[in-house]
Amino acid sequence: MIGLALSEVAAAVDGVVVPARAGDRLAHGLVIDSRQVQPGVLFAALPGEHTDGHDHAAGAIAAGAVAILGTRPAAHPAVVVPDVALAMGALAAHALRRTPQARVVAVTGSSGKTSTKDLIASLLEAGGPTIAPPGSFNNDLGLPLTVLRTDEATRFLVLEMGARGRGHIARLCAIAPPSIGVVLNVGSAHLGEFGSRQAIAESKGELAEAARDVAVLNADDPLVLAMASRTRARIVTFGESPDADVRAEQIDVDAQGRAGFTLVTPQGSVTTRLKLIGGHHVSNALAAAAVALECGRAPEQVAAGLAEAGPRSRWRMEVATSPSGLTVVNDAYNANPESMRAALKTLALLGKSAPGREPRRTVAVLGPMYELGPASTEEHDAIGRLAVRLGIDKLVVVGQDAAAIQAGARLEDARTQPLLVADVAAALAVLADEAGPDTVLLVKASRAAGLERVAAALLAGAPENAA
């Protein structure tokens, strides 16, 4: 963050510096975890589920924080505000206005946001200093924290925007108005909160409305393409559709699950092969390519960048090998019906024979997909049926909330024997014999299920190497 006097911080967030004489102190950055305090930062004292940030204020000051951003004065310098979270957003908006050279790129969609954000950041870094959030910092706290990392050198600011209701993305766009807005897809994630896919589209379309210069829209998703009528920005489309401005042709996925294709752009065509695992990344790569082209990268540079870009965020199609030779695909960060289907299809592909390699046994360890509302049972059932149709050799379902996956598999083929286990410990017990290079195992569920612990236990002592 650029250096800001506490008096300027207070003016930006409608707060008061206490004591007033501390107003000339300079703050460089902001953190919400007292364990991350570095000298000179602001410590935002947020109320938490189990603790109040104000209880850690003294420790933050002792660690070098210049002041506290909080709701009440104490025995240390503070900027006192009515609401800390709102103040963080206001401060981020102010800091971004002070760094107008940073071009803002924002990404939303029901699935693929984080992977696409990471790809965009990878492609833009060659063009100048680029800031992007770690993981999925895409809400009212994560987005301001990312924005506040910008400084006078920042050339690109790549943001991820999530929503759990109408108006959420519009609120984030008010903090960081996007030059380029990217809408990936409208799927089933958070369907229980929105009520319908149309309502999800209404929310995601708030980014298209806010885009100042360019709206990058998925030509393969009718609900996204319809957002063209909601924006005043110039429209650039991506997808496999022959009408897309940036599209993929001659797609193939190799035995390692890496997609290759011809990238067709208005500036010319070039071939590339992704380093990321899974054919579903083609769409994400096209969206990232469209952004990079708009930011001055040539097609050849984009293709080379896509071929070099590996995973940056944890537990998203991470492929590693255990000491016994077992290949583990850890996609346990989150799950919705669309991403679950994509992961299962990739698992099936990884199990197929390839030149110089025999077919591998496939194991899927699946947990619940949350926030699907009334569609939950039907969607879980469909995933179980798909696993059977894809020929997955062993299906382990973790948690009663995911029981419909087991039921769907049985209804698809009564000869199958999918297992339903209670928790992570029970899953590891039935997976104890899974070992060796002849098996590939997928772990996937919504974040709250915590199934990354299954992958971690199976990989205990394994080097972090791609398969």
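On the given criteria, is ALA67 more than 30 Å from ASN284 (Cβ to Cβ), buried (at least 21 other Cβ atoms within 10 Å of the Cβ) and over 30 Å from the mean Cα position of the chain (by Cα)? So ALA67 fits the description; yes.
Figure legend. Inter-residue proximity from the stretch 176-201: first residues touching a residue at least 60 places away in the same chain (Cβ under 8 Å), second residues open to solvent by 20 Å² or more (accessible area, probe 1.4 Å) and assigned to a strand (DSSP E or B), beta-carbon distance below 6 Å, spacing 6+ or different chains. Indicated pairs: SER179/ARG103.
Scanning the stretch 153-165 for any residue that is in contact with a Cys (Cβ under 8 Å, 6 or more places away or on another chain) and at pLDDT 95 or above turns up at least one such residue.
Pairing each residue of the stretch 117-143 that is within 12 Å of LEU157 (Cα to Cα) with any residue that is part of a loop (DSSP other than H, G, I, E, B) and among the hydroxyl-bearing types (Ser, Thr, Tyr), provided the two are 6+ apart or on different chains, yields C-beta distances under 6 Å for ASP118/SER313; PRO129/THR154; ILE131/THR150; ILE131/THR154.
Out of curiosity, is VAL182 among the hydrophobic types (A, V, I, L, M, F, W, C) and under 14 Å from ALA92 (Cα atoms)? Considered against the rule, which asks whether it is among the hydrophobic types (A, V, I, L, M, F, W, C) and under 14 Å from ALA92 (Cα atoms), VAL182 comes out as no. Considered as a group, the residues in the stretch 180-198 that are more than 16 Å from the chain's Cα centre (by Cα) and open to solvent by 10 Å² or more (accessible area, probe 1.4 Å) include one that is farthest from ALA233 (Cα to Cα), and that residue is GLY192.
On the given criteria, is ASP243 open to solvent by 20 Å² or more (accessible area, probe 1.4 Å) and under 26 Å from ARG312 (Cβ atoms)? Considered against the rule, which asks whether it is open to solvent by 20 Å² or more (accessible area, probe 1.4 Å) and under 26 Å from ARG312 (Cβ atoms), ASP243 comes out as no. Of all the numbered requirements in (1) at pLDDT 95 or above; (2) over 19 Å from GLY112 (Cβ atoms); (3) open to solvent by 20 Å² or more (accessible area, probe 1.4 Å), VAL365 misses one, and that requirement is (3).
Scan the stretch 12-61 residue by residue and report those that are assigned to a loop (DSSP other than H, G, I, E, B), under 15 Å from ASP83 (Cβ atoms) and touching a residue at least 24 places away in the same chain (Cβ under 8 Å). Working first, answer last.
Step one: of the stretch 12-61, the residues assigned to a loop (DSSP other than H, G, I, E, B) are 14-15, 19, 25, 28-29, 32-33, 37-41, 45-46, 48-51.
If we keep only those that are under 15 Å from ASP83 (Cβ atoms) as well, we get 14-15, 32, 45-46, 48.
Scanning the stretch 12-61 gives ASP14, GLY15, ILE32, ALA45, LEU46.
In the stretch 368-406, the residue that is nearest to ALA163 (Cα to Cα) out of those that are assigned to a helix (DSSP H, G or I) and among the basic types (Lys, Arg) is ARG385. Checking each residue in the stretch 111-151 for being within 13 Å of the chain's Cα centre (by Cα) and basic (Lys, Arg) picks out LYS113, LYS117. ALA448 satisfies every condition listed in (1) outside any helix (DSSP H, G or I); (2) touching a residue at least 24 places away in the same chain (Cβ under 8 Å) except (1). Can you work out which of the residues in the stretch 12-57 that are within 21 Å of THR146 (Cα to Cα), at pLDDT 95 or above and small (Gly, Ala, Ser) is nearest to the chain's Cα centre (by Cα)? The qualifying residue nearest to the chain's Cα centre (by Cα) is ALA44.
With the structure loaded, tell me whether ALA208 is small (Gly, Ala, Ser), open to solvent by less than 10 Å² (accessible area, probe 1.4 Å), touching a residue at least 40 places away in the same chain (Cβ under 8 Å) and within 28 Å of GLY162 (Cα to Cα) or whether it fails that test. Considered against the rule, which asks whether it is small (Gly, Ala, Ser), open to solvent by less than 10 Å² (accessible area, probe 1.4 Å), touching a residue at least 40 places away in the same chain (Cβ under 8 Å) and within 28 Å of GLY162 (Cα to Cα), ALA208 comes out as no. When the stretch 417-451 is filtered for residues that are among the polar types (S, T, N, Q) and open to solvent by 20 Å² or more (accessible area, probe 1.4 Å), only GLN417 remains. Within the stretch 92-109, the set of residues being assigned to a helix (DSSP H, G or I) and open to solvent by 40 Å² or more (accessible area, probe 1.4 Å) comprises just one member, ARG97.
The values are calculated or read from the model by the stated rules, or taken from the named source; none is laboratory data. In this text, all values refer to a predicted model and were calculated from it rather than measured experimentally. Ideal geometry is used to build each Cβ from the backbone, glycine not excepted, and the neighbour counts take in all protein chains shown. Side chains are part of the model used for accessible areas, which takes the heavy atoms of the whole protein and leaves out ligands, DNA and RNA. Shrake-Rupley method; radii C 1.70, N 1.55, O 1.52, S 1.80 Å.
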